[in-house]
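S.K.: Just passing along the structure, written as structure tokens.
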Amino acid sequence: MKKYFIAAVVLLINFTLIAQENNFFVGASSVYNIPVGMMSKRMQGNIGVMLFAGKPVSTDWTWIGKFEYFKLTDVNKDEMKKFVKSDVLGDLKTFEFQLHKMKMEFTAAGLSAEAKYKLLRAEGFNCDVNFGFGFYFWEYFRESYKDSLTIDSTGTGNFVLIETLDVPSLRQKDWSGTLNFGTDLNFNFFHPVTFILSANYKLIIAELWPTLALNLENVSGIQFIELRAGLKYEF
């Protein structure tokens, strides 16, 4: 984490050194990352942080550089299920078991650039559309899982073993490209501070391997809806 913070500070300093006009800005946002697609079947959302700096390059276009860090730790327990077929009661049936012990986390940090185009202007307000790209370092970890799956075959507490789970842990980590696009609402209530609300689609171009023994399918493309709220300060 320390090396990512240092890289973010260097990025902001470099922007400061090249700024020649008084419309240079820096800022920070909290970012709520909501997993979508197959990623939503594994994890729930959480808040991260984003630092950014940039300057307009024309009346319509602005470029920023940004650093982001976030970590997901809450498992989507509603999707943590194991289905087992067995004829233990005489007929072949499918039994459903909740995997309450499942623990996993996903962490990502990286640098990216983002272009913003002014779509709408008004007094004290403007709306941008944006498109960004960059590289993130990410890490996914799932703890090992051990459990005995049993059913009450008679309804009187006579439990029968259906399956034993003994699944080793899994760790993945890599550098991957990322893309995002969305829209910003900028409220300039008092200069030089602007309050920003933003909604974006974000894709980390990576794959999480399946663990079929735990009913975890492959995640091809780690997708999020990100909601940002932050402040920027203009020089």
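S.K.: Just wondering, is there one or more residues in the stretch 223-231 that are small (Gly, Ala, Ser) and open to solvent by 50 Å² or more (accessible area, probe 1.4 Å)?
M.R.: Going through the stretch 223-231, the residues small (Gly, Ala, Ser) turn out to be 229-230.
Retained after the next criterion (residues that are open to solvent by 50 Å² or more (accessible area, probe 1.4 Å)): none.
No.
S.K.: Condition test on LEU185, is it farther than 28 Å from GLY54 by Cβ, part of a strand (DSSP E or B), in contact with a Ser or Thr (Cβ under 9 Å, 6 or more places away or on another chain) and open to solvent by 40 Å² or more (accessible area, probe 1.4 Å)? Can you show your working first?
M.R.: On the way: farther than 28 Å from GLY54 by Cβ: no; part of a strand (DSSP E or B): yes; in contact with a Ser or Thr (Cβ under 9 Å, 6 or more places away or on another chain): yes; open to solvent by 40 Å² or more (accessible area, probe 1.4 Å): yes.
For LEU185, the condition - farther than 28 Å from GLY54 by Cβ, part of a strand (DSSP E or B), in contact with a Ser or Thr (Cβ under 9 Å, 6 or more places away or on another chain) and open to solvent by 40 Å² or more (accessible area, probe 1.4 Å) - is not met.
S.K.: I need a count of the residues in the stretch 188-222 that are part of a strand (DSSP E or B) and open to solvent by 70 Å² or more (accessible area, probe 1.4 Å). Steps first, please.
M.R.: Kept after step one, since they are part of a strand (DSSP E or B), are these residues of the stretch 188-222: 188-190, 193-208, 211, 216, 219-222.
The next check asks that each one be open to solvent by 70 Å² or more (accessible area, probe 1.4 Å); those that pass are 189-190, 195, 205, 207, 220.
The number of residues fulfilling the criteria is 6.
S.K.: How many residues does the stretch 120-141 hold that are within 30 Å of VAL219 (Cβ to Cβ) and open to solvent by 60 Å² or more (accessible area, probe 1.4 Å)? Please lay out each step first, then the result.
M.R.: The first filter runs over the stretch 120-141 and keeps only residues within 30 Å of VAL219 (Cβ to Cβ), leaving 129-141.
Narrowing the set further to residues that are open to solvent by 60 Å² or more (accessible area, probe 1.4 Å) leaves 131, 133, 135.
Looking only at that region, the number is 3.
S.K.: Another question, then. Please work out which residue is most open to solvent (accessible area, probe 1.4 Å), limiting yourself to the stretch 49-94 and to residues that are of a type in the set (Val, Ile, Thr), within 29 Å of LYS232 (Cα to Cα) and assigned to a strand (DSSP E or B).
M.R.: The qualifying residue most open to solvent (accessible area, probe 1.4 Å) is VAL49.
Here's the yes/no breakdown for (1) under 22 Å from the mean Cα position of the chain (by Cα); (2) under 30 Å from LYS85 (Cα atoms):
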residue: LEU165; (1), (2): no, yes
residue: HIS191; (1), (2): no, no
residue: ILE196; (1), (2): yes, no
residue: TYR201; (1), (2): yes, no
residue: ALA206; (1), (2): yes, no
residue: GLY221; (1), (2): yes, no
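The values are calculated or read from the model by the stated rules, or taken from the named source; none is laboratory data. Computed from a predicted structure; not experimentally measured. Ideal geometry is used to build each Cβ from the backbone, glycine not excepted, and the neighbour counts take in all protein chains shown. We work out accessible area using only protein heavy atoms, side chains counted, and drop any ligands, DNA or RNA first. Shrake-Rupley method; radii C 1.70, N 1.55, O 1.52, S 1.80 Å.
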